[in-house]
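Asks: Provided herewith is a single structure, encoded as structure tokens, for subsequent inquiry.
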Amino acid sequence: FFVIRSVVIMGITLDLEAVPTPSQLHLEENAILNSGWWNTSESEDSHDICSWYGISCNDLGSITRIKYQFYTPTGIPLATLNLSVFKNLEWFEVAGSGLQGPIPPDIGNLPKLTHLDLSYNSLDGEIPLALANLSQLERLDLSKNELQGSIPPELLFLKSLTWLDLSYNSLDGEIPPALANLTQLERLDLTKNKFQGCIPPELLFLKSLTRLYLSNNSLDGEIPPALVNLIQLKTLGLSSNKFQGSIPPELLFLKSLTWL
């Protein structure tokens with residue numbers, strides 16, 4: 001569906017850009033029209049999808065950004081939008097839109113996605129393993145939904161992730177130590193779930209972390225004194241768990257901490 005424009009320099013072929021063909025643009029347009037999310041009668045120019053509310057396109061007419069908020073009292077499945085056709089999509093934000101049902105696995109077919117926000121909906125089921133394919137993802141917000149199951153350890157492949165918010169769901173199991181592979185992570189929010197077990201010591205390798213929220217779970221064990229090694233940490237939420245022991249005095253040496 002794409003034409004590759006390339007140039008040969010000293011015998012080496014370099015790809016300059018992937019140009020969407022008319023058939024690819026047609027697939028994107030059909031996906032928008034068939035989703036039922038947009039009221040075409042209210043669009044200023046029903047023939048130009050790129051001018052519709054919440055949609056942005058590149059110079060070639062391919063959709064790069066969907067930031068849209070709507071609400072239907074009965075709810076609408078996220079899967080009604082055929083996500084797999086949006087090969088140039090970089091930003092997908094549909095927070096507070098009354099979406100329901102599971103997160104479809106074709107969400108993993110968005111190779112350029114950097115921002116994914118599905119918060120404040122009624123999405124259920126488990127976090128799909130396909131999210132691990134979003135290698136460019138920097139921000140993932142699935143908070144305020146009805147997701148169940150555990151955190152897939154496959155999320156460790158999201159090396160560019162700086163923001164991970166899974167708060168206010170019904171996720172359970174233990175916090176996977178594999179999250180320590182997200183070395184660029186600045187915010188980790190797992191508030192108000194059903195997580196059990198200890199705080200994985202591996203999380204203490206997240207040196208870029210500035211906000212860590214683990215409140216309102218069923219975490220136990222002692223609060224690790226090694227939290228002091230998170231030298232960038234500004235806020236730390238640990239309340240309403242089942243921790244034993246006392247608050248480590250080492251936390252007093254965490255000069256950057258402004259809220260505990």
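The values are calculated or read from the model by the stated rules, or taken from the named source; none is laboratory data. Note that this is a predicted model, so its numbers are computed, not measured. Counting neighbours? That spans all protein chains shown, and the Cβs are built from the backbone with ideal geometry, glycine included. These area figures cover heavy atoms from the full protein model, side chains too; ligands, DNA and RNA do not enter into them. Shrake-Rupley method; radii C 1.70, N 1.55, O 1.52, S 1.80 Å.
Asks: To the nearest 0.05, what FRET efficiency results for residue 218 and residue 30 with a Förster distance of 35 Å applied to their C-beta separation?
Replies: Calculated transfer efficiency: 0.15.
Asks: Sticking with this structure for a sec: Please provide three numbers in whole Å: the alpha-carbon extents of the stretch 42-153 along the principal axes, with the largest listed first.
Replies: Principal-axis extents of the Cα atoms in the stretch 42-153, largest first: 43, 34, 19 Å.
Asks: Also, quick follow-up: For residue 198 and residue 122 in one chain, what is 0.36 nm times their gap in residues minus the Cα-Cα distance, to one decimal in nm?
Replies: Value of the extension gain: 24.5 nm.
Asks: Next up: Once you put a point 7 Å from the Cα of residue 170 and another 7 Å from the Cα of residue 258, both along the Cβ direction, what distance in nm separates them?
Replies: Inter-label distance under the simple model: 3.7 nm.
Asks: Using amide H atoms built in the peptide plane, which far-off residues or other-chain residues are under 5 Å from residue 216 H to H?
Replies: Answer set, sorted by chain and number: 192, 239, 240, 241.
Asks: Set the Förster radius R0 to 22 Å, insert the Cβ-Cβ distance between residue 232 and residue 180 as r into 1/(1 + (r/R0)^6), and round the FRET efficiency to 0.05.
Replies: Step by step, r from the Cβ atoms, then E = 0.90.
Asks: Let me ask something else about it. Return the inverse of the average 1/r over all pairs of distinct C-alpha atoms in the stretch 155-260, which is the Kirkwood hydrodynamic radius, in Å to one decimal.
Replies: Value: 13.7 Å, from the Cα pair sum.
Asks: Moving to a separate point now. Round to the nearest 0.05 the FRET efficiency obtained for residue 50 and residue 106 when R0 = 22 Å and r is the Cβ-Cβ distance.
Replies: In this case the efficiency is close to 0.50.
Asks: Just to confirm my understanding: which cysteines in the chain have no other cysteine beta carbon less than 4.7 Å from their beta carbon?
Replies: Taking the Cβ cut-off of 4.7 Å, the unpaired cysteines of the chain are 198.
Asks: If you don't mind, there's one more thing I want to ask. Can you give me the distance in nm between label points at residue 80 and residue 64, each placed 7 Å from the Cα along the Cα-to-Cβ direction?
Replies: Going from the residue 80 label point to the residue 64 one covers 2.9 nm.
Asks: Still on this structure, I have one more. Would you mind estimating how fast the stretch 94-134 diffuses translationally, via Stokes-Einstein at 20 °C and 1.002 mPa s with the Kirkwood radius over Cα pairs, in µm²/s?
Replies: My calculation gives 198 µm²/s for D.
Asks: May I pose another question? Where a Cα-Cα gap under 30 Å defines reach, which lysines qualify for residue 159, not counting those fewer than 8 residues away within the same chain?
Replies: Cross-link targets: 67, 87, 112, 144, 192, 194, 207, 234, 255.
Asks: Using the scaling law 2.2 N^0.38 Å as the reference, what is the normalised Cα Rg of the chain?
Replies: Normalised Rg, Cα atoms only: 1.16.
Asks: Using the Kirkwood formula over every pair of different C-alpha atoms, what hydrodynamic radius in Å results for the stretch 94-239? Present the calculation step by step, with values, prior to reporting the outcome.
Replies: Numbers: mean 1/r = 0.0654 Å⁻¹.
That comes to 15.3 Å for the stretch 94-239.
Asks: In nm, to one decimal, how far is the modelled label at residue 71 from the one at residue 23, with both set 7 Å along Cα→Cβ?
Replies: 4.2
Asks: Could you run the Debye sum over the Cα atoms of the stretch 110-176, one equal point scatterer each and no solvent, and tell me log10 of I(q)/I(0) at q = 0.20, 0.21, 0.23, 0.28 Å⁻¹, two decimals?
Replies: Those come out to -0.78, -0.86, -1.03, -1.39, one per q.
Asks: May I ask you to list the residues of the stretch 128-154 whose amide nitrogen lies under 17 Å from a point 7 Å from Cα along the Cα→beta-carbon direction of residue 240?
Replies: 143-147
Asks: Suppose all protein chains stay in the model; what accessible area per residue would a 1.4 Å probe give for the chain, in Å²?
Replies: Details: 12830 Å² over 260 residues.
On a per-residue basis, the chain sits at 49 Å².
Asks: Related question: Roughly to the nearest percent, how much of the accessible area of the stretch 158-235 is carbon and sulfur, given a 1.4 Å probe?
Replies: Summing carbon and sulfur atoms, their accessible area is 49 percent of the total for the stretch 158-235.
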